[in-house]
Each structure stands twice: as C-alpha cells, then as structure tokens.
Amino acid sequence: MKKKEIKTYTPDEVRQKILLYLGECRRKARGLDSLMASSSDVKKAMAKEDISQNDAVQNLDYLVQHGWVDEKIIKRPYKTPKGFEVPNEKHLFGLSEIGLKYNEGESEFDRTSVFSGININTIGGVTVVGSNNVVRNEFVDVLRAFNQLEGVVKISDKLSEEQKLNVQADIQTIKNQLSKSQPDKTIVQKVMESISFVGSLPGAVEVFKVATQAVQRILGL
C-alpha cells in the first residue's frame, strides 16, 4: 500500500491558511457571534491540511501578536452542583483590520485618502480603491496583485522588519504609478528588480508570479 504523502508547510504558509480560514468563517457567518472561530475550530481546520496542532497554535499566536488577528475573550463562569462559581473563558479569533485587507483587498468604503483635496470625480478612467490608491481602471488587477504580495511580505518571518518596510515602500512606488495613464516603465522595472528576491521566499512564490504577470502589461512584455 502506498504511504500517504506527508505535507510540510513553512510558518508563513500556515499563517496564510489560518487567515484564509478565518476569512471563510466571515463569509459563512449568519450572525455576529459566528464571525470568529475558537482555537479548537482553527486547529480542526488546519488538521485537514495536515498541519499539527502545535504549528496551528504557534502561528495563530504569531498572527495575534502581530495584529493580523483579533482575540476576543468571553467570560462564562459556571456553578458547580454545590453552588461554587468556577471561572471559565472562551477565546475567539477573527480577522483584524489588516487581516481583512489581506483577505478582501482594499474597499471603496475606506475613505481616508492621501488624495484628499483632489477632485478625482473630474478625472475620467480612474477609480478610488481603499484609502491610498487612485488607479486607472485598466490597472485595478495590477493593484490587487500587489496588495496580496504586500500582505504576504508582512507576515513573512524570513525578512527583518527593515526589509519588510523597504519592500512595502517599493510596492507603494508601483501603486503610485497606477494612477497615471502612462506609468513610468523605467521606475516600475527598477522596482521589480529591487524586490525580485521576494519571489523566492516560502509562501510568496505564486503570489509574486501573479504580480509579475500583472505588471508585464505595463512594461509591454
């Protein structure tokens, strides 16, 4: 009998799966009380991906500590048959603001914009996406690809905080070009060369590939 192949995941890949699972919980929720999941729920969901309870818990804690996931503690004390009150808590986990942006991308309802003071409505062919992005309609898919890449970089444990900041600044440079009818190809190409190392990071290979394919249209490749 052929042995079942054991899957191995990097910490970043486990974190991505946890974020996607919590996003799915939100999409399936029929009430506010079901927007979040317990640690037991998370472990069960990760077990289906052959991820151990230890890896699931460690990476869930990482996401909480770094602000990607919110933790809510519900106190539910109960009384014993003899009338003694016993403390009891339930811990629930759900996507934070940045976790939501990672899963869902930017939203048109986020209106705190660096473009305040510019009447975007008078400019044809552009759309406002999220808080800091005014994008030509034809480049919306490019923006989405780089939003996802930005999210992957932020949760990576293979980069220092300074490296993450540098990559984010480079990605923002590309995003800024997307508001132009003719983005500066030289700038875009230099940025892609600068962040090319991201394409070899665990958990970022496919996302970087999608971002590269999206930007090729700008470069005319």
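So how many residues does segment 173-212 have that are of a type in the set (S, T, N, Q) and in contact (Cβ under 8 Å) with a residue 24 or more places away in the chain?
5
Can you list the helices (runs of 4 or more DSSP H) lying wholly within segment 130-210 that have 1 or more residues being β-branched (Val, Ile, Thr) and closer than 22 Å to residue 66 by Cα? Spell out the reasoning first.
Values: elements: 140-155, 161-177, 185-194.
Hits in segment 130-210: 140-155, 161-177.
Given 48, 72, which one is touching a strand residue (DSSP E or B) at 6+ places or on another chain (Cβ under 7 Å) and exposed (fewer than 15 other Cβ atoms within 10 Å of the Cβ)?
Values: 48 fails: touching a strand residue (DSSP E or B) at 6+ places or on another chain (Cβ under 7 Å).
Result: 72 is the single residue among 48, 72 that is touching a strand residue (DSSP E or B) at 6+ places or on another chain (Cβ under 7 Å) and exposed (fewer than 15 other Cβ atoms within 10 Å of the Cβ).
Quick one: count up the residues across segment 20-54 that are under 20 Å from residue 151 (Cβ atoms), in a helix (DSSP H, G or I) and touching a residue at least 12 places away in the same chain (Cβ under 8 Å).
9
Every number here is computed from the coordinates shown, using simple stated rules; none is lab data. What you see is a predicted model; the values in this text were computed from it and never measured. Using ideal geometry, Cβ is built from the backbone for each residue, glycine included, and neighbour counts are taken over all protein chains shown.
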